[in-house]
Amino acid sequence: MVYSGQIYRRANIAYGALSSRLGEHNFLFENSPSSVDADLLAHVLVTLQVLPETSVLRSKLLNHDNLVKYAEKHKAEFIEDGPSSSVPKFRADPSSSTPRKESKPKPKPKREKTQEEKTFRKRAKYFLAAQLFAVVLFLSVMGRYDSSDLDDDEDLGFE
């Protein structure tokens, strides 16, 4: 059976390896993003934004500044700088709680999507597909995982 301490130690080893591989580069491999970059970006963003501040995994990740900077940079580039017109903006309307007469909404003419919007949607689909693949791969690998096959990681010096 794998204990939580072993899991966190392995996560720290993995973060160290990824941090070393990334160095000061923009992407893990060459000068263009890969599915591994998408997986890493998703993992780091979920770890930083979803897990509580007291999370051990989050604290292990925060020890690797270049991974955190990598995620912040690519979050700004790929997620926040996406086409703002495709994301509806809602404002709180104080009069919305009062009853209104039903009226038919005016049909809006359909506009053609810009190339930037098409590219963004395509990237988003690839990103989601890569995440689904990563989860399936992880579950299939962990399903075949036997703790007796493990080497003792004590001599690596990672805590």
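The values are calculated or read from the model by the stated rules, or taken from the named source; none is laboratory data. Remember, predicted model here, so these are calculated numbers, not experimental data. Every residue, glycine among them, receives a Cβ derived from its backbone with ideal geometry; neighbour counts consider all protein chains shown.
Do we have any residue at all in region 60-82 that's under 30 Å from E24 (Cβ atoms), outside any helix (DSSP H, G or I) and modelled with pLDDT of 90 or more? Within region 60-82, one or more residues are under 30 Å from E24 (Cβ atoms), outside any helix (DSSP H, G or I) and modelled with pLDDT of 90 or more.
For region 10-43, give me each residue that is surrounded by 14 or more Cβ atoms within 10 Å (Cβ to Cβ), outside any helix (DSSP H, G or I) and out of contact with any Pro (no Cβ under 8 Å at 6 or more places or on another chain). If the condition is that a residue be surrounded by 14 or more Cβ atoms within 10 Å (Cβ to Cβ), outside any helix (DSSP H, G or I) and out of contact with any Pro (no Cβ under 8 Å at 6 or more places or on another chain), then N26, L28, P33 are the ones that fit. With respect to the conditions (1) modelled with pLDDT under 90; (2) in a loop (DSSP other than H, G, I, E, B); (3) more than 18 Å from the chain's Cα centre (by Cα); (4) not aromatic (F, W, Y), S96 lacks only one, and its number is (2). Return yes or no: is S35 among the hydroxyl-bearing types (S, T, Y) and either in contact with a helix residue (DSSP H, G or I) (Cβ under 7 Å, 6 or more places away or on another chain) or in contact (Cβ under 8 Å) with a residue 12 or more places away in the chain (or both)? Answer is yes for this residue. Being hydrophobic (A, V, I, L, M, F, W, C), exposed (fewer than 13 other Cβ atoms within 10 Å of the Cβ) and without any contact (Cβ under 8 Å) to a residue 60 or more places away in the chain is a condition met by no residue of region 51-59. In region 103-124, of all residues being part of a loop (DSSP other than H, G, I, E, B) and surrounded by 10 or more Cβ atoms within 10 Å (Cβ to Cβ), the one that is modelled with the highest pLDDT corresponds to T114.
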